[in-house]
1. Which of the residues spanning segment 103-118 are touching a residue at least 60 places away in the same chain (Cβ under 8 Å), surrounded by fewer than 18 Cβ atoms within 10 Å (Cβ to Cβ) and assigned to a helix (DSSP H, G or I)?
2. Is it fair to say residue 51 is touching a helix residue (DSSP H, G or I) at 6+ places or on another chain (Cβ under 6 Å) and either outside the structural domain of residue 174 (by TED's automatic domain parsing) or within 27 Å of residue 195 (Cα to Cα) (or both)?
3. What helices (runs of 4 or more DSSP H) completely inside segment 149-228 contain at least 3 residues that are farther than 16 Å from residue 135 by Cα and without any contact (Cβ under 8 Å) to a residue 24 or more places away in the chain?
4. When you go through (1) surrounded by 17 or more Cβ atoms within 10 Å (Cβ to Cβ); (2) at pLDDT 95 or above one by one for residue 141, which number turns out not to apply?
5. Restricting the search to segment 107-143, which residues are out of contact with any strand residue (DSSP E or B) (no Cβ under 8 Å at 6 or more places or on another chain) and more than 28 Å from residue 161 (Cα to Cα)?
6. Quick check on segment 44-58: of everything there that is free of Cβ contacts under 8 Å to residues at least 40 places away in the same chain and assigned to a helix (DSSP H, G or I), which residue is surrounded by the fewest Cβ atoms within 10 Å (Cβ to Cβ)?
7. Restrict the check to segment 182-198 and report whether at least one residue is at pLDDT 95 or above, in the same structural domain as residue 115 (by TED's automatic domain parsing), surrounded by fewer than 15 Cβ atoms within 10 Å (Cβ to Cβ) and touching a helix residue (DSSP H, G or I) at 6+ places or on another chain (Cβ under 8 Å).
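The values are calculated or read from the model by the stated rules, or taken from the named source; none is laboratory data. Remember, predicted model here, so these are calculated numbers, not experimental data. Virtual Cβ from ideal backbone geometry, glycine too; neighbours counted across all protein chains shown.
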């Protein structure tokens with residue numbers, strides 16, 4: 001159910017306000033992993049393979065899953081307690097060497113993603129991607145899925161100093177697309193994405209089919225929650 005409702009209390013009366021029902025969005029900023037594409041199994045397998053090859057402790061899949069959406073360096077710090085900067089560098093380099101071969105067999109778009117993005121573009125809404133993934137990897141996936149020409153801006157982890165959940169990626173995209181926060185929507189599957197959008201004063205939409213649970217997402221108070229990507233069309237139409 002995507003419709004955002006807010007209760008306003010006036011004495012003994014309760015008024016239900018429908019927020020942003022007729023909001024016209026100019027720009028929608030998407031996370032990639034867990035929002036546009038199902039990369040979970042690829043990430044879990046690559047993180048595990050990286051740690052095993054470097055003889056580092058390998059946490060269980062759920063622990064790794066909760067870190068998806070953070071910058072890669074932070075993932076290895078939190079997942080395996082890696083603190084040495086040179087060892088973190090080795091983890092990141094090895095991960096990137098291993099990922100492409102693993103991902104080529106497993107990564108796919110979630111249902112209705114491409115069709116929905118094409119419809120958004122037909123309606124004149126700009127589409128952008130803000131991800132903790134590296135920009136080269138992002139652009140490679142967007143080309144593979146036939147989406148690159150439909151995306152107005154792509155920001156990866158190397159494009160900002162302050163990573164998610166800081167608002168920097170969103171702020172850069174707003175500048176690139178000449179968009180105001182109130183006419184922009186940030187869509188993601190983790191609390192890091194929602195917090196990033198909120199800190200940039202944008203509306204936010206959580207997707208419930210990704211890496212964080214509905215309960216986790218609800219605690220971050222997104223403006224919208226959707227169970228299917230195509231429900232975005234109901235929000236912005």
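1. Residue satisfying the conditions is 115 alone.
2. Details: touching a helix residue (DSSP H, G or I) at 6+ places or on another chain (Cβ under 6 Å): yes; either outside the structural domain of residue 174 (by TED's automatic domain parsing) or within 27 Å of residue 195 (Cα to Cα) (or both): yes.
Criteria met by residue 51.
3. Working: elements: 168-177, 191-199, 214-219.
Passing ranges, in order: 214-219.
4. (2)
5. Filtering segment 107-143 down to residues out of contact with any strand residue (DSSP E or B) (no Cβ under 8 Å at 6 or more places or on another chain) leaves 111-112, 114-116, 118-119, 122-124, 134, 136-137, 140, 143.
Within segment 107-143, 111, 112, 114, 115, 116, 118, 119, 122, 123, 124 qualify.
6. Step one: of segment 44-58, the residues free of Cβ contacts under 8 Å to residues at least 40 places away in the same chain are 44, 48, 52, 55-58.
Applying the additional criterion that residues be assigned to a helix (DSSP H, G or I) yields 44, 48, 52.
Details: 44: 18, 48: 16, 52: 11.
Restricting to residues being free of Cβ contacts under 8 Å to residues at least 40 places away in the same chain and assigned to a helix (DSSP H, G or I), the top hit is 52.
7. no
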